[in-house]
Structure formats: structure tokens, C-alpha cells
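**Q** Submitted below is the structure of interest, expressed as C-alpha cells.
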Amino acid sequence: MEVLKNEAKLHKEKQLLLEKKNLDEAKAIKMRQDFLSIMSHEIRTPLNAITSIVELLKDEVNSEGKELLGSLKFASSNLIKIVNDVLDFTKLDSNKSKLEMAPSALAILAKNIVSVYEKQAQEKGLYLTLNCDLSKEIRYNLDETKITQVLNNLISNAIKFTEKGGVELKIIHVKSSPKKDTLLFEVKDTGEGISKENLDEIFESFSQVKPVLTRKQGGTGLGLAIVKKIIELHKSKIKVKSTVAKGTTFFFKLKLKRDEIIENQLVDVVPNVRDGILKDKKVLIVEDTTINALLLQKLLSRWNIISEHVDNGEKALQKVKEQFYDFILMDIHMPEMNGIEVTRLIRTTENLNSSTPILALTADTMVTSETRETNYFSGFLWKPFEVEKLKEVLEKVFI
């Protein structure tokens with residue numbers, strides 16, 4: 001009996017220790033996520049001001065000034081990429097990131113991704129080609145953002161480590177089932193290659209093949225670690241084959257569900273459908289950072305949008321009772337009342353804008369689909385946002 005009592009006591013103590021360990025781990029994860037949420041907001045908010053100012057000034061300066069603005073834009077873009085890499089990796093590493101599937105014309109997406117890097121390749125004297133045997137009319141259910149992230153990382157890496165020759169993105173149909181296609185993705189370069197002893201390390205977080213003080217190329221060393229985790233989210237694996245001084249090929253397969261066939265005329269947006277669609281639209285900007293609100297108003301005025309600004313949730317709730325707006329731009333992080341709560345109240349209380357499209361503006365990349373309150377918001381824009389992307393999202397509200 002004494003032995004049984006001791007065993008029961010030991011078992012209970014083990015259970016208590018395990019519960020404490022799990023609780024401590026949960027608290028540690030939450031603290032890390034809260035810290036990254038704050039860091040994301042605090043870093044990306046001033047970056048949003050920088051990128052907006054660059055955009056507003058580019059038509060008002062001489063050629064020398066434009067060159068300096070180009071350098072500033074390049075530097076800020078690099079900083080944004082570094083911040084994004086760290087935050088994206090942390091989300092993936094803590095299993096907070098999930099696939100958000102939607103129909104997408106993969107052939108067109110691939111063409112657009114390659115076009116982004118054409119100038120960069122040309123400046124190094126490299127070729128950059130796309131070899132894709134998919135029809136532009138076929139759409140697949142996929143996470144467009146994450147596929148773009150994977151291909152961006154692989155193509156930019158290939159260009160970075162290639163001095164002569166070039167880079168090829170290949171997307172080939174391998175086989176079909178009644179509802180799904182298996183596709184092979186390859187990014188092949190003629191660069192410096194990777195030695196056998198380094199092949200196992202390249203997908204590790206913060207891994208750099210060359211010593212920090214001697215390597216020519218910059219970066220956080222997170223790009224391939226992010227690629228690996230995104231491909232694993234798709235229940236697949238990224239593989240690599242390489243020969244030193246001859247080049248490297250990264251490749252993976254994805255099994256994607258086919259969506260319905262779309263007509264040719266729906267593939268490319270006809271420009272004149274959108275021309276002037278934003279003219280004289282009225283928008284309420286709810287943003288507690290004055291400089292960001294002023295810059296946003298200047299950008300909106302380019303498209304003849306009439307904007308009004310309030311700096312907190314209480315003022316916003318008063319405004320929506322007094323005036324109808326065509327859409328509302330809502331900051332998420334605000335003192336006293338956050339943007340999610342303000343939007344919930346606009347949607348659920350009597351006012352003139354309970355059905356008005358509300359677009360969330362946030363610098364917090366730790367916000368996930370579970371916390372977006374998608375029933376309340378019509379869309380999301382992450383700061384710092386690209387000007388054309390902002391315009392595209394606003395136009396889509398009225399198409």
C-alpha cells in the first residue's frame with residue numbers, strides 16, 4: 001500500500017510539473033508574440049511615412065534629387081524586407097502561420113513575379129526567363145501571398161549569387177487527378193554553386209554559407225528557412241542540387257486543387273473600367289499617427305478622393321453618425337479603443353455607415369486570420385503599403 005501511495009504521489013507531482021511546463025511555454029510564446037506585434041507596429045509605422053514621402057516627392061524634385069530618392073527607396077525597401085523576414089519566420093516558427101487558399105491564375109502570377117526582377121537581372125547582365133506550360137485560363141486554389149514569397153526568395157537569391165549567365169523559373173505540369181494537378185517548381189541559376197558540406201545548412205535559420213565579414217551579399221539568412229517552412233505547410237519538401245562554379249537548382253512539387261476555367265477577358269483587368277472610379281469619393285481616415293494621416297490624405301488627393309481625418313475611435317464613432325462615407329480606412333493600433341473594436345461598433349450600432357466598406361490599415365504583421373474579424377472588415381492593407389496596391393484595393397471596392 002505504501003508503495004502504491006508513493007507511486008500515486010510521484011505521478012501527481014509529474015503531472016503538476018508537466019502542466020507548469022506547458023503553462024510556462026504558453027506564456028513564453030504569448031510574450032514573444034506580443035513583443036513581435038509591438039515591434040512590427042513600431043518599426044513599420046515610421047517606414048510607412050518614409051515610403052509615402054518618397055512617393056510624394058518623386059515628381060517634385062530635379063534629376064539629382066530623383067536619384068537620391070531612388071537610393072532612399074531602395075534602402076527603405078531593403079529594411080522592410082529584413083523586418084518582414086524576421087517577423088514572417090517567427091510566425092512560421094511558432095506555428096501561427098496558416099495557408100489562406102483562394103483561386104489564382106498561377107501562370108499570370110508567375111509572369112508578374114518574374115517581371116519584378118527583370119531590371120535587377122539586366123543590371124547584372126543576366127538573363128531571367130520563365131518556362132511555364134500552364135494555361136493562363138486555369139486557376140488553382142493556393143495561398144498567393146506565400147507562393148509569391150517562396151518564388152521571390154528563390155529568384156532574388158539566385159540573382160544575388162549569380163555573376164554570369166542567368167536564372168530560370170520553371171513551372172511544369174507533372175500529373176493530374178480528377179480534381180488536382182501536381183506541379184513541379186524549379187529555380188535554376190548558373191551561379192557560384194553550393195558545396196556538399198554546406199547543402200545541409202542552407203535551410204537553417206540565420207544560416208550564412210560565407211563568414212559575415214567576408215561575404216559580398218547581404219541578407220538575414222532567413223530567406224531559405226522561410227521557403228522551407230512554407231513548402232512544409234503545403235505538406236511538401238524543398239530540394240536542392242548544386243555544382244560548385246556551375247550553378248544551383250532549387251525544386252519542389254505542389255499538389256493544387258483546380259478551380260473553374262475563366263474566360264480570357266477576365267484574366268487581364270481592362271484599364272478603362274477603373275479610370276476615374278475613385279473621383280469625388282468620400283473617405284474617413286481613422287489614424288492616431290498624424291504624419292501618416294497627412295501623407296495618406298495627400299496620396300488620396302492624387303485620385304481626387306475627398307478625405308477627412310480623425311485621430312481616435314470615439315471621434316470616428318461620432319463622425320459615422322453625422323455623415324455617410326464611401327469607405328473608411330481604419331488603423332488597428334490606437335490608444336483607448338483599437339480599430340477592431342471601433343469597426344465592430346460601426347457594424348453593430350445605428351449609424352449612417354453600418355454597411356460602408358471598412359479597410360483595415362495595420363503595421364502589425366502578427367495579426368492573423370483568426371484575429372482579423374473578417375466579418376467586420378472589407379479588406380486589409382499592411383503598412384508600409386505600396387501606392388499602386390493601395391489604389392488597386394480601393395478601386396476593387398467599387399468594381
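**Q** With the requirement that a residue be farther than 25 Å from residue 276 by Cβ, assigned to a helix (DSSP H, G or I) and open to solvent by 70 Å² or more (accessible area, probe 1.4 Å), what does region 302-344 give you?
**A** 314, 315, 318, 321, 322, 344
**Q** Return the only residue of 235, 216, 246, 257 being at pLDDT below 95, open to solvent by 50 Å² or more (accessible area, probe 1.4 Å), closer than 23 Å to residue 83 by Cβ and of a type in the set (Lys, Arg). Spell out the reasoning first.
**A** On the way: 235 fails: closer than 23 Å to residue 83 by Cβ; 246 fails: closer than 23 Å to residue 83 by Cβ; 257 fails: closer than 23 Å to residue 83 by Cβ.
So the residue among 235, 216, 246, 257 that is at pLDDT below 95, open to solvent by 50 Å² or more (accessible area, probe 1.4 Å), closer than 23 Å to residue 83 by Cβ and of a type in the set (Lys, Arg) is 216.
**Q** Is at least one residue of region 124-145 open to solvent by 70 Å² or more (accessible area, probe 1.4 Å), under 20 Å from residue 227 (Cα atoms) and not aliphatic (A, V, I, L, M)?
**A** Yes, region 124-145 contains at least one residue that is open to solvent by 70 Å² or more (accessible area, probe 1.4 Å), under 20 Å from residue 227 (Cα atoms) and not aliphatic (A, V, I, L, M).
**Q** Ok, one more. Residues of region 116-131 being more than 22 Å from residue 149 (Cβ to Cβ) and in a helix (DSSP H, G or I), which ones?
**A** 122, 123, listed by residue number.
**Q** Would you confirm whether any residue within region 294-301 is surrounded by 19 or more Cβ atoms within 10 Å (Cβ to Cβ) and either part of a strand (DSSP E or B) or at pLDDT 85 or above (or both)?
**A** Keep residues of region 294-301 that are surrounded by 19 or more Cβ atoms within 10 Å (Cβ to Cβ), which gives 295-296, 300.
Next cut, either part of a strand (DSSP E or B) or at pLDDT 85 or above (or both) only: 296, 300.
Yes, there is a match, as at least one residue in region 294-301 is surrounded by 19 or more Cβ atoms within 10 Å (Cβ to Cβ) and either part of a strand (DSSP E or B) or at pLDDT 85 or above (or both).
**Q** Considering (1) closer than 30 Å to residue 334 by Cα; (2) modelled with pLDDT of 75 or more, say which one residue 10 fails and leave the rest.
**A** Every condition holds for residue 10 apart from (1).
The values are calculated or read from the model by the stated rules, or taken from the named source; none is laboratory data. Model, not experiment: these values are computed from the prediction. All Cβ positions, glycine included, derive from the backbone under ideal geometry; neighbour counts span all protein chains shown. The area values use the complete protein model at the heavy-atom level, side chains included, leaving out ligands, DNA and RNA. Shrake-Rupley method; radii C 1.70, N 1.55, O 1.52, S 1.80 Å.
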